[in-house]
Amino acid sequence: MRKKALTICCCTGVLAAFGAFFRWLQNQVSFEKDTGLAVPGSAWPYLVAAWIAVAAVVLGVQCLRLKNQQRMHQPETFAEVFGAPSRIAWIAACVFGGVMALGGVILLVSVPVQELQRPLLRILAVAAIAVGVTFPMQLRGAAAQEPSTGTVVIAALPILLFAFWLIVSYKMNIVNPTISAYAVEVLALCAATIGFYQIAGFAFGRPKAVRSVFWCQFAAFLCLMTLSDSRYMGAQCMFAAAAGMLLLQSWLVIVGTRPMSEMPVPEAENREEV
């Protein structure tokens, strides 16, 4: 399944590259330089929205193919997904967690005093540091068949981070009449919240493997796409790290899908055969 995981992740990367380029072009030509208001009659908001819809369809088809594979066991427990990560996966988790924590530190120290939402941004920065530091621990605590309380809390932290970030984004853009200026950011935050929520389902006993892969890939696409927007450098690092985390987690879910012939036979069936 590594080839399948690589195919889906590369597909997401290609879609995100074009999406980020289209979003950059929209920012260059669709907003007035002085006021930031949308240029009347510009087609770029519709083109960007259409590309997001295309990405959702393409990723949905990829995930449906994964779902329709015969004689394949999809992971159902937290240990099946995160219990035996490779060295590369562990290193990637440390890198993405480190970038998330670094983004939180940069945001914490770089928010100017005159920023109206400075208290909320500082809380967001501290939450990002906590998520970045604890993210690699999610893999270390997954060896046990039943996830520990600490593992469950770690799985829930990114959900809280992005839900709070969505509130901060709303507070910062509430006075902006141009919805297309921040729509991609809001979509990315919503999708990331859902993606981490789906992954947390493995820790909370509500696993949905294919749904988790789709939302992680779609959220990673939007997080990379919104990097074309202007924001604090710390927040940019946090979006980039979130995309990496989501891609890594979906990769582990896909790799955890194995042929039925490789699954261990329950002891009761072994005794009956004997």
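The values are calculated or read from the model by the stated rules, or taken from the named source; none is laboratory data. Model, not experiment: these values are computed from the prediction. As a convention, Cβ positions derive from the backbone with ideal geometry for all residues, glycine included, and neighbour counts pool all protein chains shown. Ligands, DNA and RNA are excluded from the accessible area calculation, which covers all protein heavy atoms including side chains. Shrake-Rupley method; radii C 1.70, N 1.55, O 1.52, S 1.80 Å.
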Folded to 0 to 90 degrees: helix 87-110 orientation relative to the chain principal axis, Cα
30 degrees
Under a 5 Å amide H to amide H cut-off, with H placed in plane at 1.01 Å, what residues pair with Phe31 once short-range neighbours are removed?
Val39
Ordered by residue, what ³J(HN,Hα) values in Hz, to whole numbers, does the range 126-134 give under the Karplus form 6.51 cos²θ - 1.76 cosθ + 1.60, where θ = phi - 60° and Gly and Pro are x?
5, 5, 5, 4, 4, 5, x, 5, 8
Provide the gained length on full extension for the span Asn68 to Tyr170, in nm with one decimal, where the gain is 0.36 nm per separating residue minus the Cα-Cα distance.
32.8 nm
So the angle from the long Cα axis of helix 44-67 to the longest Cα principal axis of the chain, reported in degrees to the nearest 10, equals 0 degrees
Whole-Hz Karplus couplings 3J(HN,Hα) for the range 24-37, θ = phi - 60° and coefficients 6.51, -1.76, 1.60, Gly and Pro as x, run 5, 5, 4, 5, 7, 10, 9, 10, 5, 5, 7, 9, x, 6
For the chain, what does -39500 (n - 2.57) per DSSP helix run (n ≥ 4), summed and divided by total residues, give at 222 nm, in deg cm²/dmol to the nearest 500?
-24500 deg cm²/dmol
To the nearest 10 degrees, how steep is helix 209-225 against the longest Cα principal axis of the chain, on a 0 to 90 scale?
30 degrees
Rounded to the nearest whole Å², what accessible area per residue is found for the range 24-126 with the 1.4 Å probe?
59 Å²
Please list, by residue number, every one of the trypsin sites (Lys or Arg not before Pro) in the range 22-81 that is coil in DSSP and has at most 16 other beta-carbon atoms within 10 Å.
Lys33, Arg71
What's the tally of Lys pairs in the chain whose alpha-carbon atoms lie under 20 angstrom apart, where the two lysines are 8 or more places apart or on different chains?
4
Kindly sort Phe204, Phe135 by accessible area of their heavy atoms, largest first, with the probe set to 1.4 Å.
Phe204, Phe135
